[in-house]
Amino acid sequence: VAWLDEVSQDAAAIFLLGDLFDFWFEYKHVVPKGFVRVLGKLAQLRDRGIPLYFFVGNHDLWMNDYFEKELNIPVFRRPKEFIFNDKKFLIGHGDGLGPGDKGFKRMKKVFTNPFAKWLYRWLHPDIGMPLAQYFSVKNKAISGEEDVKFMGEEKEWLI
């Protein structure tokens, strides 16, 4: 919220490149506890006329239409080109792009499957949210520093 306050002072637009939350699931009638201040700030920025763009990340794969309908923020599931001052920018989240990362790509197919989403929706949020956060923390412990370490241009998939 503090960061959004700061950058909104002179922002022509704000791009949120996924993983804004450690886990996001859109239940039909529930906004997960702990997210309300961020959602309120995003709504306030949109009401001020600041364009916001949200790119789905690996922690918000189960995003549906809440951002678009409630906050008037377009949601993108793939990188998209934008032109600013006659310069082209390719903007997106990054996880699962390029070769490799096969484990994530398999997991993404399961997590974005409509039947899997329907099944998960049957879990009460008091069970579903902690379960997802547990696996998120466990996944970070498994991958360790590997995901955040720059391996040099010749070894990076997306370079």
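Before moving on, here are some points about what is shown:
- Residue in segment 88-117 that is farthest from the chain's Cα centre (by Cα), counting only those that are of a type outside the set (Phe, Trp, Tyr) and part of a strand (DSSP E or B): LYS88
- Test: residue in segment 45-62 that is touching a helix residue (DSSP H, G or I) at 6+ places or on another chain (Cβ under 8 Å), open to solvent by less than 20 Å² (accessible area, probe 1.4 Å) and assigned to a helix (DSSP H, G or I): yes
- Within segment 1-44, the set of residues being open to solvent by 40 Å² or more (accessible area, probe 1.4 Å) and touching a helix residue (DSSP H, G or I) at 6+ places or on another chain (Cβ under 6 Å) comprises VAL1, ASP22, VAL30.
- Taking the criterion of being modelled with pLDDT of 85 or more and either in contact with a Ser or Thr (Cβ under 6 Å, 6 or more places away or on another chain) or part of a strand (DSSP E or B) (or both), the residues of segment 1-24 that qualify are ILE14, PHE15, LEU16.
- Within segment 68-97, the set of residues being open to solvent by less than 60 Å² (accessible area, probe 1.4 Å) and touching a helix residue (DSSP H, G or I) at 6+ places or on another chain (Cβ under 8 Å) comprises LEU71, ILE73, PRO74, VAL75, GLY96.
- Test: residue in segment 114-122 that is surrounded by 15 or more Cβ atoms within 10 Å (Cβ to Cβ) and more than 14 Å from GLU26 (Cα to Cα): no
The values are calculated or read from the model by the stated rules, or taken from the named source; none is laboratory data. Remember, it's a predicted structure, so these values are computed and weren't measured experimentally. FYI the Cβ positions are ideal-geometry reconstructions off the backbone, even for glycines, and counts take in every protein chain you see. Please note that ligands, DNA and RNA were not included when accessible areas were found on the heavy atoms of the full protein model with its side chains. Shrake-Rupley method; radii C 1.70, N 1.55, O 1.52, S 1.80 Å.
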